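**Q** Please find one structure pasted underneath; my questions will follow.
The values are calculated or read from the model by the stated rules, or taken from the named source; none is laboratory data. Keep in mind it's a predicted model, so treat the numbers as computed, not measured. We place every Cβ from the backbone using ideal geometry, glycine too, and count neighbours over all the protein chains shown.
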Amino acid sequence: MLCYKLKFANAGLSKQGNLQVPIFLEYDGSILDGNSSLEVYDCKDFGDESCGYCKYKKTQGYKCDWCGSCKYSKQETCSSSKKKCSVSISKLEPSSGPIFGGTLVSLEGKNVGNQGDDITVTISGAECTNVTVVKSSKKISCITGNATGRSIGIKVTVNGETYTAANIKYTYVGQHEIFGFSPNRSIIAGGKKIRISGNNLIFPGSDYEIYYCNDSNSCLQCRLSKKYVKNQYMMCRMERSSSILTLKYLKIIIDKNTVRFLLFLKVEDQR
């Protein structure tokens, strides 16, 4: 069975450029049982000035291709259809992190990649791993690697097309320092607030876990309070202990990297 060509107004199209329309068969004035749906789309709504997303929709079976803009194309009639899409980066968050890496960063721009693309990211000379497409062609994320602390450009390669964002900086910050903490005693019931002072302590976008441990690696967690976080100090609250303990070192895990400091904290019974 063949249908005549139909024209749909695009007022009902979604922001993604498509619309699900129900279809049914009418015979002799009666609607036959059963129904299906037909997807209606407009190629120009897929484009949104993005060559990469337009070509991505083409790989999904849509009759679209990039010809200066995203247009309907039955065949590869556009001279630019075989060209690679130019990559550009306009935003990076966060803009700094610890020198040993492990920080989840996001990059926004144009034609930065789609699912299934070959995408590599280098930040300050270190490979950024676990590249993930967050929003097709517009946003990706990755985890920073270990670098030298120099602040240089960012390089993104998508399917062999490379872009170097020399004007966008990511700074690797040096080694953490702990000057001390107070008070140096907690109680078995927990809940004691501990203030930790130092330098290069906090990085936006990083995940933190704080523990006080003894030589047998028995640890009590001190839960970080987001309300009291600065680069020179942080506040955390001790969890409950099952017994009296003398804890010899502070262990801070930042983005799955462990930093240890030899300090002492006494957990005693409340009197």
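**Q** Identify the single condition in (1) in contact with a helix residue (DSSP H, G or I) (Cβ under 9 Å, 6 or more places away or on another chain); (2) over 23 Å from Phe46 (Cα atoms) that Asn130 does not satisfy, given that it satisfies every other one.
**A** (1)
**Q** Given the residues Gly198, Gly145, which is the only one that is in a strand (DSSP E or B), surrounded by 13 or more Cβ atoms within 10 Å (Cβ to Cβ) and of a type outside the set (A, V, I, L, M, F, W, C)?
**A** Answer to the check: Gly198.
**Q** Out of the residues in region 215-236 meeting the condition of being modelled with pLDDT of 85 or more and more than 25 Å from Pro94 (Cβ to Cβ), tell me which one is surrounded by the most Cβ atoms within 10 Å (Cβ to Cβ).
**A** The extreme case among them is Leu220.
**Q** When region 114-140 is examined, which residues are found to be of a type in the set (Gly, Ala, Ser) and part of a loop (DSSP other than H, G, I, E, B)?
**A** Gly116, Ser124, Gly125, Ser136, Ser137
**Q** Filter region 172-195 for residues that are surrounded by 16 or more Cβ atoms within 10 Å (Cβ to Cβ) and not hydrophobic (A, V, I, L, M, F, W, C); which is nearest to Gly97 (Cα to Cα)?
**A** So the residue we want is Tyr172.
**Q** A further question on this structure: Across region 67-102, which residue is surrounded by the most Cβ atoms within 10 Å (Cβ to Cβ) among those that are assigned to a loop (DSSP other than H, G, I, E, B), modelled with pLDDT of 85 or more and of a type outside the set (Gly, Ala, Ser)?
**A** Val87
**Q** Additional query: Filter region 103-113 down to residues that are buried (at least 18 other Cβ atoms within 10 Å of the Cβ) and within 14 Å of the chain's Cα centre (by Cα) and give me whichever is farthest from Asn231 (Cα to Cα).
**A** For region 103-113, the residue satisfying everything is Gly113.
**Q** Which of the residues spanning region 157-212 are closer than 30 Å to Lys84 by Cβ, of a type in the set (Gly, Ala, Ser) and more than 19 Å from the chain's Cα centre (by Cα)?
**A** Selection gives Gly160, Ala166.
**Q** Further question: Please identify the pairs in which a residue from region 118-145 that is farther than 25 Å from Val173 by Cα has its Cβ atom under 8 Å from the Cβ atom of a residue that is surrounded by fewer than 19 Cβ atoms within 10 Å (Cβ to Cβ) and among the small types (Gly, Ala, Ser), counting only partners at least 6 apart or on another chain.
**A** As it stands, the answer is Asp118/Gly160; Val134/Ser106; Val134/Ser141, since those pairs meet every condition given.
Condition check ((1) of a type in the set (Lys, Arg); (2) under 10 Å from Ile123 (Cα atoms)) across all residues:
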residue: Ile140; (1), (2): no, no
residue: Ile154; (1), (2): no, yes
residue: Thr171; (1), (2): no, yes
residue: Glu177; (1), (2): no, no
residue: Asn184; (1), (2): no, no
residue: Gly190; (1), (2): no, no
residue: Lys193; (1), (2): yes, no
residue: Leu201; (1), (2): no, no
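**Q** Return the residue satisfying two criteria in turn: it lies in region 124-142 and is over 22 Å from Ser50 (Cβ atoms) and at pLDDT below 90, and of such residues it is surrounded by the most Cβ atoms within 10 Å (Cβ to Cβ).
**A** Ser124
**Q** Give me a count of the residues in region 148-177 that are modelled with pLDDT of 80 or more and not in a loop (DSSP other than H, G, I, E, B).
**A** So the answer is 12.
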